[in-house]
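Report on the following structure.
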Amino acid sequence: MKLLVINGPNLNMLGRRESEHYGKLTLGDIEKRLQEECSGDLDFFQSNSEGNIVSRIQQAGEFDGIIINAGAYTHTSIAIRDALLSVKIPFVEVHLSNVYAREDFRHKSYLSDIAEGVIAGFGADSYSLALRWFESR
């Protein structure tokens with residue numbers, strides 16, 4: 001199994017920003033942990049730019065699945081939604097924090113209704129749970 005893990009804006013700042021919501025691990029820590037847990041191949045991509053994320057999704061044809069934390073773009077990006085629809089690759093939407101226990105604007109996701117599943121609120125374990133789901137298929 002080959003999975004693409006996509007992280008959106010500001011996730012490169014993990015470990016330095018709002019640890020009460022996002023924890024103390026860095027994105028590198030999360031990636032290392034996932035690599036240790038994965039029995040297949042993982043490719044990691046992070047961008048603060050919506051267009052770069054769209055382009056990476058469009059180039060993801062060789063992957064069996066996508067784990068995506070689109071960050072704030074979850075709540076705003078029709079372009080990322082359309083890119084995910086166009087490639088027809090199963091994906092799981094993940095969030096470190098429980099977005100439903102936060103501001104109202106975070107309650108709307110442009111990705112949830114087309115995702116295989118949504119995992120939110122379990123910190124770095126959200127990624128691990130998504131990985132386990134893919135590996136159990």
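The values are calculated or read from the model by the stated rules, or taken from the named source; none is laboratory data. Please read these numbers as outputs of a predicted model, since none were measured by experiment. Glycine gets a Cβ as well: all are built from the backbone with ideal geometry, and neighbour counts include every protein chain shown. Remember, those area values only see protein heavy atoms, side chains included, never the ligands or the DNA or RNA. Shrake-Rupley method; radii C 1.70, N 1.55, O 1.52, S 1.80 Å.
Quick look at the values:
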| quantity | calculated |
| --- | --- |
| Top of Ala115, Ala124, Ala101 by mean-square fluctuation, Gaussian network on the chain, Cα under 10 Å | Ala101 |
| Note, ³J(HN,Hα) from phi for the range 86-100, Karplus 6.51, -1.76, 1.60, rounded to Hz, x at Gly and Pro | 5, 8, 6, 9, x, 9, 10, 8, 10, 9, 5, 9, 7, 4, 7 |
| Net lengthening on full extension, Glu116/Met1 (0.36 nm per residue, minus Cα-Cα) | 39.8 nm |
| Pair Lys32, Asp82: separation of 7 Å Cα→Cβ label points (nm) | 4.0 |
| P(r) weight above 15 Å for the range 56-137, C-alpha pairs, percent | 54 |
| DSSP-loop GluC sites (Glu not before Pro) across the range 68-136, with at most 13 other Cβ within 10 angstrom | Glu103 |
| For Thr76, residues with placed amide H under 5 Å, excluding near neighbours | Tyr110 |
| Three-way shape call for the range 1-122 based on the alpha-carbon gyration tensor, with the a/c threshold at 1.5 | oblate |
| Heavy-atom accessible surface of the chain: percent carbon and sulfur, 1.4 Å | 47 |
| Cut-off 12 Å between beta-carbons: net charge of the residues surrounding Glu50, Lys and Arg +1, Asp and Glu -1 | +1 |
| Candidate residues Thr74, Thr26: accessible-area rank, largest first, probe 1.4 Å | Thr26, Thr74 |
| The chain, helix-only ellipticity at 222 nm - DSSP H runs n ≥ 4, -39,500 (n - 2.57), divided by all residues, nearest 500 | -9500 deg cm²/dmol |
| Qualifying trypsin sites (Lys or Arg not before Pro) for the range 37-108 [loop in DSSP, other Cβ within 10 Å: at most 10] | Lys88 |
